Every structure is written in structure tokens, then in C-alpha cells.
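One structure is given here, and the rest of the page talks about it.
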Amino acid sequence: MEWLLDPNIWISFLTLTILEIVLGIDNIVFISIQSAKLPVEQQKKARQIGLLLALVMRVGLLFSIKWIMGLTEPFLNLADTLGIEDPQWHRYLTLSGRDLILFIGGLFLIYKATTEIHHKVEGHIEASSGRSKTVTFSSVIIQIIILDLVFSLDSVITAVGMVDQIGVMIAAVIVAVGIMLLSAESISKFVNDYPSVKMLALAFLLLIGVSLTAEAFDQHIPKGYIYFAMAFSVLVEFLNIRAEKKALEQLEKGKNN
């Protein structure tokens, strides 16, 4: 139990918890957008199930660290298959299991974000023609599970790269998912109450999908840039919402006077 008194352990725990929460933002946004398609009485249940599945996957993957680290070993060299001799292209086109999962997950996220943006832009046409699809609870959960796997893999590899003690990793993941569970409803409400924020969230999911796909081919886009752009855009949108509310309040006062 001496490790509990080690300040380095607590610093690692706090740092990893913060990173896990940051990495989980994409997961919450995706779950919020998907659950919003369901009837109101099922939305909270879908969010909770989605995040609990993310927790189960992350803890399960942490207990499979040897397998996880093995996923980073190359198993497919597309450069050799295509007859390319340039060492730089060999680095880009050598795929591991992790790369394959990130690539498939990135493509899936790009597809989902693009489809949702299309529905938002052309939704009035589909509504008038009666072609809107019925979304089932199970289909939403399946889509959440697919993205949970991708985000969980990225999260676990980050944890393994930062901390040696599996107990610290599991504790950080549990705390991070707990915070995500507590904040999921308010984040979901904020995203779905404002159409412009929802479109912004979809645009960032598209960006995350591109980032995951690029990372599969060893093209690393620093996550700090993505999250800074996300935070800055949300701040600007928040100021726009505040300005609109103030303008409406002034308009109402003018009418009353």
C-alpha cells in the first residue's frame, strides 16, 4: 500500500483522468447526437448504456494490455504489396491492428457525420416526401458500441503509454467515465437545444474522423489543435447565443414599453 503515498502516482492519476475526460468528449458528443434520434423517454437510457459500455470496454481492454500492445505491431505492409520501395511510403503504408481499427472507425465516423449534416441541410425535403427513417433503440446502441470500441482503444493506448500501474489506469478510467455520466445529460441538452451547436458538433465529429483515418497511416494531427479549435468555436458560438438572447430581451422590452 506504500504506492498510495507516492505523489507521482497521484500526479499520474490526475493527469490521466483529465486526459481520459478530454478524450471522452468526442464520445459524449456522438452518443448525444445518436440518442437524440430516439423518443425522449429512451434518450437518457441510451446515453447511460453507451457510456457504461465504454467503461466496460476500456476496463476490459486494460486487462488485455499484452494484446493491446500487440495491436501496434505491423501485420500488413501495403507498400510491399504495391511494389513501393521508398522507405517513407513503407512507414505510411505499414498497418497494425490498431491502425486498421482507427481507419475503419474513422471512416465510420466520417460517414455518420456527413450523413447527419446532409439530413440537417436537406431535412425539410425528406420530411415533406415522408422518407424519414425509423430509428430503433438497438440500432442506436449498435452504432454507439462501434464508436465506443474505437474511442476506447485510443484511450487505453494513451493510458498504457502514460502509467505503469494497471490499478491507476482503471481508477482514472472509472472516474473519467463517472464524470462523463454526470455531465452527459447537460451536454446532450446543450447540443440538441441549439441547431447551430449541433451542426458545429457534427463538423467536429467529421474532423475527428479525418484525424483517426490520418493516424492510421502514421499522419498524426496533434489533438491539442483539434480540441483548441473545438473549444474556441464553442466559445464563439456561446457568445453568439448570449448576444441573440440579449437582443430578444431588448426587443421584448421595447414591445412592452
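Using a probe radius of 1.4 angstrom, the carbon and sulfur fraction of the accessible surface of the chain is 67%. The residues of the chain expose on average 57 square angstrom of accessible surface per residue, using a 1.4 Å probe on protein heavy atoms. Taking Lys and Arg as +1 and Asp and Glu as -1, the other residues whose beta-carbon sits under 13 Å from that of residue 248 total +2. For a Förster distance of 45 Å, can you work out the FRET efficiency between the beta-carbons of residue 100 and residue 186, rounded to the nearest 0.05? Result of the calculation: an efficiency of 0.80.
Accessible area ranking (1.4 Å probe, heavy atoms, ligands and nucleic acids excluded), largest first, for 111, 225, 194: 225, 111, 194.
The angle between the Cα long axis of helix 40-62 and the longest principal axis of the Cα atoms of the chain comes to about 10 degrees, rounded to the nearest 10.
Protection proxy ranking, highest mean first, for peptides 74-87, 135-148, 227-240: 135-148, 227-240, 74-87, where packing is the per-residue count of other beta-carbon atoms within 10 Å, averaged. Taking the C-alpha atoms only, the angle from helix 223-256 to the longest principal axis of the chain is near 10 degrees. The mean sequence distance of close C-alpha pairs (under 8 Å, at least 6 residues apart), as a share of the length of the chain, puts its relative contact order at 34 percent. Computed from Cα atoms alone, the Kirkwood hydrodynamic radius reported for the chain is 20.4 Å.
The values are calculated or read from the model by the stated rules, or taken from the named source; none is laboratory data. Since the model is a prediction, treat every value here as computed from it, not as a measurement. Because the Cβ atoms are built from the backbone with ideal geometry, glycine has one as well, and the counts that use them run over all protein chains shown. Side chains are part of the model used for accessible areas, which takes the heavy atoms of the whole protein and leaves out ligands, DNA and RNA. Shrake-Rupley method; radii C 1.70, N 1.55, O 1.52, S 1.80 Å.
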